[in-house]
1. Filter the range 78-128 down to residues that are surrounded by fewer than 13 Cβ atoms within 10 Å (Cβ to Cβ) and under 30 Å from Ala250 (Cα atoms), then give me how many there are.
2. Of the conditions (1) of a type outside the set (Phe, Trp, Tyr); (2) over 29 Å from the mean Cα position of the chain (by Cα); (3) under 21 Å from Gln237 (Cβ atoms), Pro64 satisfies every one except a single condition; which number is it?
3. Do any helices (runs of 4 or more DSSP H) entirely within the range 201-262 hold 2 or more residues that are in the same structural domain as Phe45 (by TED's automatic domain parsing) and under 18 Å from Thr280 (Cβ atoms), and if so, which?
4. Can you name every one of the helices (runs of 4 or more DSSP H) wholly within the range 30-116 that holds 2 or more residues which are assigned by TED's automatic domain parsing to the domain that holds Ser210?
5. Among Leu83, Leu54, Leu62, which is at pLDDT 90 or above and aliphatic (A, V, I, L, M)?
Amino acid sequence: MADITTTPPTTPQLHPQTRRVDVGRIIIYIVLIIGSVLALVPFLFSVSVSLMNLTEASGRALLPASPQWGNYVKAWNDASFGLYFWNSVKIALITVSGQVIFCTMAAYAFARIDFPGKNFLFTLLLSTLILPEAVTWVPNFITVVWLDRITPLRWFNNWPALTIPFMASAFSILLLRQFFQQIPEELWDSAQMDGAGHIRYLVQVVIPLSRAVLVTVVLFSFIGSWNALAWPILVTQTPDWRPISYGLLAFLDEAGSLAHLRMAGAVITILPLLIVYFFTQKQFTEGIATTGLKG
């Protein structure tokens with residue numbers, strides 16, 4: 001009878017590349033966790049201090065013994081946040097509306113319409129992204145002064161100076177153009193067969209397909225408008241149109257050593273941004289992912 005020898009089963013060996021991928025993924029997770037902690041800790045500390053009393057806020061307490069929700073009411077009333085909050089809402093709505101309209105049309109022209117000097121103009125537009133924001137204040141201010149003199153519309157201490165200079169954003173045009181270029185050409189050919197021109201094609205086809213990237217543009221525009229401080233101070237002299245960022249700055253000087261009220265004012269200021277992002281985070285992530293940011 002022949003001998004039958006059996007060999008023990010061998011354990012599969014992991015490919016070295018697989019191990020490297022796993023290690024790289026772990027490193028990515030660690031970096032993301034550290035970044036999340038660094039971003040969340042200051043915010044959570046601000047919320048905690050805003051709910052403390054003066055003794056706890058002046059000491060080394062990490063959490064309030066009893067949350068003082070009245071701090072928000074007192075900060076709101078003492079800082080006149082009602083006026084500044086409503087000003088910021090109006091400024092943001094006007095700026096976002098204008099930016100969506102004008103940036104969408106400009107991005108569509110750069111993506112779908114051939115005209116002389118298109119590439120040069122787009123390159124010139126992108127070059128403005130490297131300019132610091134402060135560099136644009138002087139030419140914008142000169143333009144606003146000139147328009148205030150020659151037009152019947154009052155620009156200073158009014159919404160035009162706070163909104164119109166920011167209704168065109170090179171970054172928003174770039175995002176929209178990159179997405180518009182990814183829309184299949186067959187849709188444009190079909191629209192032409194139905195007798196549609198560029199305006200109808202943009203309104204009925206392109207914009208419905210671009211909801212995610214448009215939400216991204218809205219979010220960036222809203223954040224920029226809500227956080228603006230230096231420019232509103234430059235073009236306004238009264239609180240009639242000054243935004244909530246100015247109200248917080250003035251309140252920080254008035255509150256002095258009252259750290260709990262100062263933190264309460266800061267939380268009130270950033271709360272609308274958190275609410276807007278909470279409702280748009282899915283579309284925001286999709287919009288950033290689908291633009292590609294490639295030529």
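The values are calculated or read from the model by the stated rules, or taken from the named source; none is laboratory data. Keep in mind the model is a prediction, meaning the values are calculated, not measured. Neighbour counts are summed over all protein chains in view; Cβ atoms, including those assigned to glycine, are modelled from backbone coordinates with ideal geometry.
1. Residues flagged as surrounded by fewer than 13 Cβ atoms within 10 Å (Cβ to Cβ) and under 30 Å from Ala250 (Cα atoms) within the range 78-128 amount to 2.
2. Failed condition: (3).
3. Ranges flagged: none.
4. 70-78, 81-112
5. Leu83
Residues checked against (1) touching a Pro at 6+ places or on another chain (Cβ under 9 Å); (2) more than 29 Å from Ala134 (Cβ to Cβ):
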site: Gln204; (1), (2): no, yes
site: Phe220; (1), (2): no, no
site: Ile244; (1), (2): yes, no
site: Pro272; (1), (2): no, no
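Per-residue answers, yes or no, for (1) closer than 23 Å to Met105 by Cα; (2) among the aromatic types (Phe, Trp, Tyr):
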{"site": "Pro139", "(1), (2)": "no, no"}
{"site": "Thr163", "(1), (2)": "yes, no"}
{"site": "His198", "(1), (2)": "yes, no"}
{"site": "Ser221", "(1), (2)": "yes, no"}
{"site": "Trp226", "(1), (2)": "no, yes"}
